[in-house]
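Participant: Have a look at this one before I ask anything.
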Amino acid sequence: MSYRIASIRQREKIYLAAARLFSQKGYMATSLENIAKVSKCNKASIHYYFRTKSALLYEIATRSIQEVMGLASPVLDSDLPPVKKLKALVINHLEWEMTNAGFAGIRDTERKNLTPKQLRAYLKMRDEYEQIFRKVIEAGIVEKEFQTVDPNLISMFILGLMGSVMRWYKPGGKLTPNEIALKAWDLISQGLAKR
């Protein structure tokens, strides 16, 4: 195995250990010693890959935004009508969140522990993601697929609804992530439907 591959694996082990601990114990209650123990590396290795504990938190928060953006951007750029775009955005988002529950939860609950500079960068990414929803809702209004609503307010409602799922979702429950996502879409689409 090359040094580069070993280095990437070591960095990922640290990242995953931190994510698991931040999710279970919270950012403030997790020490670098805890992360070193779970990742089976020493603190010097953590500092080599991540200068600070907040750098680890920042990567966890931003990587999760980048992953949902990666799912959303092709939908936005597709030729689908707005209602189908919004459905795909909602389902993709919720399925990702439920299959990556720890990461999504960290992003939402621990971002208060980012440095001011990190928080500004994170919020810029989050705002870009929210803008995708607004653009699709605006297009749906123009094309008369949705009732006339405030796109900013509705996109915030939708993202708030989707974010709340992580407060009660338990893996292995009665409904699969896809079933939950479809039920959420039913509620959203009924609310936006032309009357």
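The values are calculated or read from the model by the stated rules, or taken from the named source; none is laboratory data. It should be emphasised that the depicted structure is a prediction, and the values quoted were computed from it without experimental measurement. Cβ placement follows ideal geometry from the backbone for every residue including glycine, while neighbour counts extend to all protein chains displayed.
Participant: Which condition does Pro116 not pass, out of (1) without any contact (Cβ under 8 Å) to a residue 60 or more places away in the chain; (2) under 30 Å from Thr176 (Cα atoms), if it passes all the others?
Facilitator: Status for Pro116: all satisfied but (2).
Participant: Could you list all residues from the range 9-41 that are more than 17 Å from Thr109 (Cα to Cα) and outside any helix (DSSP H, G or I)?
Facilitator: Those that are more than 17 Å from Thr109 (Cα to Cα) and outside any helix (DSSP H, G or I): Ser31, Lys40, Cys41.
Participant: Any residue in the range 123-144 that's within 11 Å of Met69 (Cβ to Cβ): show its pairings with residues that are not in a helix (DSSP H, G or I) and not hydrophobic (A, V, I, L, M, F, W, C) at Cβ separation under 6 Å, as long as the two are six or more apart or on different chains.
Facilitator: Hits for this filter: zero, empty list.
Rundown of residues vs (1) at pLDDT below 95; (2) surrounded by 14 or more Cβ atoms within 10 Å (Cβ to Cβ), yes/no style:
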{"position": "Glu128", "(1), (2)": "no, no"}
{"position": "Glu138", "(1), (2)": "no, yes"}
{"position": "Gln147", "(1), (2)": "yes, no"}
{"position": "Met156", "(1), (2)": "yes, yes"}
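Participant: What about Ile8, is it in contact with a helix residue (DSSP H, G or I) (Cβ under 6 Å, 6 or more places away or on another chain) and either modelled with pLDDT of 90 or more or under 29 Å from Glu95 (Cα atoms) (or both)?
Facilitator: Values: in contact with a helix residue (DSSP H, G or I) (Cβ under 6 Å, 6 or more places away or on another chain): no; either modelled with pLDDT of 90 or more or under 29 Å from Glu95 (Cα atoms) (or both): yes.
Judged against the criteria, Ile8 is not a match.
Participant: While we're looking at this one, here's another question. Would you mind telling me which numbered condition in (1) crowded, with 18+ Cβ neighbours inside 10 Å; (2) modelled with pLDDT under 95 Ile132 fails?
Facilitator: So the condition that Ile132 fails would be (2).
Participant: Next question, about the same structure. Report yes if Leu76 is among the aliphatic types (A, V, I, L, M), farther than 19 Å from Gly191 by Cα, without any contact (Cβ under 8 Å) to a residue 12 or more places away in the chain and surrounded by fewer than 18 Cβ atoms within 10 Å (Cβ to Cβ), otherwise no.
Facilitator: When the stated conditions are applied, Leu76 does not pass them.
Participant: If I ask for residues that are surrounded by fewer than 21 Cβ atoms within 10 Å (Cβ to Cβ) and charged (D, E, K, R), which ones from the range 79-104 would you list?
Facilitator: Asp79, Lys84, Lys87, Glu95
Participant: With respect to Gln190, is the statement that it is over 18 Å from Ala101 (Cα atoms) and out of contact with any helix residue (DSSP H, G or I) (no Cβ under 9 Å at 6 or more places or on another chain) true? Can you show your working first?
Facilitator: Details: over 18 Å from Ala101 (Cα atoms): yes; out of contact with any helix residue (DSSP H, G or I) (no Cβ under 9 Å at 6 or more places or on another chain): yes.
Taking the combined requirement at face value, the residue satisfies it.
Participant: Considering (1) charged (D, E, K, R); (2) more than 30 Å from Glu143 (Cβ to Cβ); (3) surrounded by fewer than 17 Cβ atoms within 10 Å (Cβ to Cβ); (4) not assigned by TED's automatic domain parsing to the domain that holds Arg9, say which one Lys43 fails and leave the rest.
Facilitator: If we test Lys43 against (1) charged (D, E, K, R); (2) more than 30 Å from Glu143 (Cβ to Cβ); (3) surrounded by fewer than 17 Cβ atoms within 10 Å (Cβ to Cβ); (4) not assigned by TED's automatic domain parsing to the domain that holds Arg9, just (4) comes out false.
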